[in-house]
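Beneath this line is the structure, given in structure tokens, with notes to follow.
The values are calculated or read from the model by the stated rules, or taken from the named source; none is laboratory data. Predicted model, so just to flag it, every value in this text is computed and none were measured. Positions of Cβ are backbone-derived with ideal geometry, glycine not excepted, and every protein chain shown enters the neighbour counts.
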Ligand SMILES: Nc1ncnc2c1ncn2[C@@H]1O[C@H](COP(=O)(O)OP(=O)(O)O)[C@@H](O)[C@H]1O
Ligand SMILES: [Mg+2]
């Protein structure tokens, strides 16, 4: 099923009102096949609630979420279409990982041997007989991935999968998700940590306080904010340079360490202004727009932690 | 069928079932011994003294012997049935379960089927033991086996019915209470001391408030269960079938409410 322009996940005007909080507020976005979509937002932004609504675990107050045009609960064999790894999902402490997977196989009408196949896939085949309570956080995450892979789904949804993984585990996860998308499947992965997303995501959906802030390819979202690129300069003649930069219509802020931060300019322009003003520079650093900063700027003041 | 198979596998792949089995055997043994002693004591009394001692007639005693282990067996089945549901929340497996089967009512129905299977297995297990040992016990007291008497088989059959109805009630209670510890404690307390405590309340109510309150006593599930199994004990007790109907009512109402609640509830 390779229909690159067909939206695999479609969220339309999704809203969830808890008694006190509007966790998700008229949120719409789409996720496409063959791409990794990063679902970003600070803690409490409504990511988990959104994903749980997409998966039929939480009932929306209004709006719809569909997968290939069908609501999750209406999918005939959902785990053959969608694999999900959620934060609070777990296994019975006293049950072995293999049996945990077999239970899912039985319920979904999959053969028991699928359990062994996915254990092999995530590198847990040698410890499949061990009880879940003996699993480390990293092993639990791998087991979660194994469970999500059972039905060989064309859509993968992950809620903060990097939590608790060591750097090696994170790299493993990243490669896995990229390979998954390269096979033409859709991947939606949430995170509040953005450094990781820049290397992983093709598209991003950024939310804060339950509302959509930006959606689009990573490069576009980064490009949009190129205007707020920053340059840091260090000079013994700070006052002179500030005046010259302001004369050149640039915004300057003095940092606590005495350096100057110049907004909306490239390093070359700042160097040029300094040269013209005859100011001596000790340091000139262009801070390229990175996702982390864009994200912080976009979500600043949007009541991150609620 | 897939879901029932999955639920049975869940049950088989944790230690719970055999812990319950290990508890059941000595409790059943105690019950048989207790019934033996009671009967021994009763046989030394005359018919009139029997009534006075509150032991009922011989028929009741023999029925009790052939349904030994009912009190503890039903309690264990009730708790296990509730835990089938509550453990999904206690161990956070509800997410995995409902992701695999988003039609949640199907999961609840599968759990009910498994609860009934557990009930029937425990009933069969205790009944086979009772059928093997009760004739020996009766023999030691120079009594016949009574196995030709319909009342014995009726008692055994009603015992099975009680097991099944309580297991359904357990699933319903598990869905409604959801907290593993809360459900286990509530059910144990209601089951073990509910009859006595609530009987006192009903006596007080009928004494001081309104006489007919006494008739409402049968609404207590354990009392309804006793009525179903043992028949009326006091002259103005309602007939046996009323107990059965009330117990079925509880099982049905709790199952339906429980299923509806589970369908609507947010998971996570
Ligand atoms: N079951 C719930 N009842 C009430 N409020 C909730 C519930 N679940 C989440 N919330 C609130 O909704 C908001 C969004 O939460 P969540 O979706 O978990 O955010 P994120 O996953 O982005 O950190 C938070 O303010 C959270 O406190
Ligand atoms: Mg979250």
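Every condition in (1) in contact (Cβ under 8 Å) with a residue 40 or more places away in the chain; (2) at negative phi; (3) under 14 Å from the mean Cα position of the chain (by Cα) is met by residue A:196 except one, and the failing one is (1).
Filter the range A:134-168 down to the residues that are closer than 22 Å to residue A:8 by Cα and within 16 Å of ligand 2 (Cβ to nearest atom), then identify the one that is surrounded by the fewest Cβ atoms within 10 Å (Cβ to Cβ). Can you show your working first?
Applying the first criterion (closer than 22 Å to residue A:8 by Cα) to the range A:134-168 yields A:144-161.
Still in the running and within 16 Å of ligand 2 (Cβ to nearest atom): A:144, A:157-161.
Values: A:144: 23, A:157: 27, A:158: 25, A:159: 24, A:160: 19, A:161: 25.
Once the filter is applied, the top-ranked residue is A:160.
Checking each residue in the range A:131-143 for being farther than 17 Å from residue A:86 by Cα and touching a strand residue (DSSP E or B) at 6+ places or on another chain (Cβ under 8 Å) picks out only A:131. If you check A:15, A:50, A:61 for being within 16 Å of ligand 1 (Cβ to nearest atom) and crowded, with 21+ Cβ neighbours inside 10 Å, only one passes: A:50.
Might you let me know whether the range A:79-94 holds any residue that is in a strand (DSSP E or B), within 16 Å of ligand 2 (Cβ to nearest atom) and more than 22 Å from residue B:14 (Cα to Cα)? Yes, that holds for at least one residue. Is there a residue in the range A:192-203 that is surrounded by fewer than 18 Cβ atoms within 10 Å (Cβ to Cβ) and out of contact with any helix residue (DSSP H, G or I) (no Cβ under 8 Å at 6 or more places or on another chain)? Looking through the range A:192-203, at least one residue is surrounded by fewer than 18 Cβ atoms within 10 Å (Cβ to Cβ) and out of contact with any helix residue (DSSP H, G or I) (no Cβ under 8 Å at 6 or more places or on another chain). Yes or no: the range A:177-196 includes at least one residue that is within 16 Å of ligand 2 (Cβ to nearest atom), under 24 Å from residue A:11 (Cβ atoms) and within 14 Å of chain B (Cβ to nearest Cβ). Checking the range A:177-196: at least one residue is within 16 Å of ligand 2 (Cβ to nearest atom), under 24 Å from residue A:11 (Cβ atoms) and within 14 Å of chain B (Cβ to nearest Cβ).
Where strands (runs of 3 or more DSSP E) sit wholly within the range A:194-294, those with at least 2 residues that are at pLDDT 90 or above occupy A:203-208, A:211-217, A:230-234. Of the residues in the range B:12-19, at least one is touching a helix residue (DSSP H, G or I) at 6+ places or on another chain (Cβ under 6 Å) and either at pLDDT 90 or above or part of a loop (DSSP other than H, G, I, E, B) (or both). Sub-7 Å Cβ pairs linking a first residue in the range A:35-50 that is in the same structural domain as residue A:191 (by TED's automatic domain parsing) to a second residue that is near ligand 2 (Cβ under 8 Å from one of its atoms) and assigned to a helix (DSSP H, G or I), at least 6 apart or interchain, are A:39/A:47; A:41/A:47, ordered by first then second residue.
Of all helices (runs of 4 or more DSSP H) completely enclosed by the range B:55-108, which ones contain at least 3 residues that are within 14 Å of chain A (Cβ to nearest Cβ), more than 15 Å from the chain's Cα centre (by Cα) and surrounded by 22 or more Cβ atoms within 10 Å (Cβ to Cβ)?
Working: elements: B:58-66, B:70-90, B:94-100.
Fully inside the range B:55-108 and qualifying: B:70-90, B:94-100.
Only residues that are within 16 Å of ligand 1 (Cβ to nearest atom) and at negative phi were counted in the range A:158-190, giving 8. When you check residue A:37 against the structure, is it modelled with pLDDT of 95 or more, more than 9 Å from ligand 1 (Cβ to nearest atom), more than 14 Å from every other protein chain (Cβ to nearest Cβ) and crowded, with 18+ Cβ neighbours inside 10 Å, yes or no? When the stated conditions are applied, residue A:37 passes them. Selection over the range B:228-267 of residues that are within 14 Å of chain A (Cβ to nearest Cβ) and either surrounded by fewer than 20 Cβ atoms within 10 Å (Cβ to Cβ) or closer than 19 Å to residue B:78 by Cα (or both) gives a count of 6. Within the range A:106-116, track down each residue that is part of a helix (DSSP H, G or I) and either more than 9 Å from chain B (Cβ to nearest Cβ) or surrounded by fewer than 24 Cβ atoms within 10 Å (Cβ to Cβ) (or both). Selection gives A:106, A:108, A:113, A:114, A:115, A:116. Residue B:126 falls short on exactly one of the conditions (1) within 14 Å of chain A (Cβ to nearest Cβ); (2) surrounded by 19 or more Cβ atoms within 10 Å (Cβ to Cβ), and that condition is (1).
If you check B:112, B:39 for being closer than 23 Å to residue B:231 by Cβ and away from every other protein chain (no Cβ under 14 Å), only one passes: B:39.
Can you go through A:138, A:164, A:169 and tell me which one is assigned by TED's automatic domain parsing to the domain that holds residue A:49, part of a helix (DSSP H, G or I), more than 18 Å from residue A:101 (Cα to Cα) and in contact with a helix residue (DSSP H, G or I) (Cβ under 7 Å, 6 or more places away or on another chain)? Step through it out loud before you land on a result.
On the way: A:138 fails: more than 18 Å from residue A:101 (Cα to Cα); A:164 fails: part of a helix (DSSP H, G or I).
The unique qualifying residue is A:169.
Tallying residues that are buried (at least 19 other Cβ atoms within 10 Å of the Cβ) and either touching a residue at least 60 places away in the same chain (Cβ under 8 Å) or over 14 Å from residue B:102 (Cα atoms) (or both) within the range A:64-77 yields 2. Scanning the range A:20-34 for residues that are within 11 Å of ligand 1 (Cβ to nearest atom), away from chain B (no Cβ under 14 Å) and not in a strand (DSSP E or B) gives a single hit, A:20. Answer with yes or no whether residue A:119 is in contact (Cβ under 8 Å) with a residue 12 or more places away in the chain, buried (at least 18 other Cβ atoms within 10 Å of the Cβ), assigned by TED's automatic domain parsing to the domain that holds residue A:77 and part of a strand (DSSP E or B). It is false that residue A:119 is in contact (Cβ under 8 Å) with a residue 12 or more places away in the chain, buried (at least 18 other Cβ atoms within 10 Å of the Cβ), assigned by TED's automatic domain parsing to the domain that holds residue A:77 and part of a strand (DSSP E or B). Over 13 Å from residue A:84 (Cβ atoms) and either without any contact (Cβ under 8 Å) to a residue 12 or more places away in the chain or in contact with a helix residue (DSSP H, G or I) (Cβ under 7 Å, 6 or more places away or on another chain) (or both), is that true of residue A:146? So residue A:146 fails the test. Mind listing whichever residues of the range A:42-70 are more than 9 Å from chain B (Cβ to nearest Cβ) and assigned to a loop (DSSP other than H, G, I, E, B)? Hits for the range A:42-70 are A:42, A:43, A:44, A:45, A:46, A:60, A:61, A:68, A:69.
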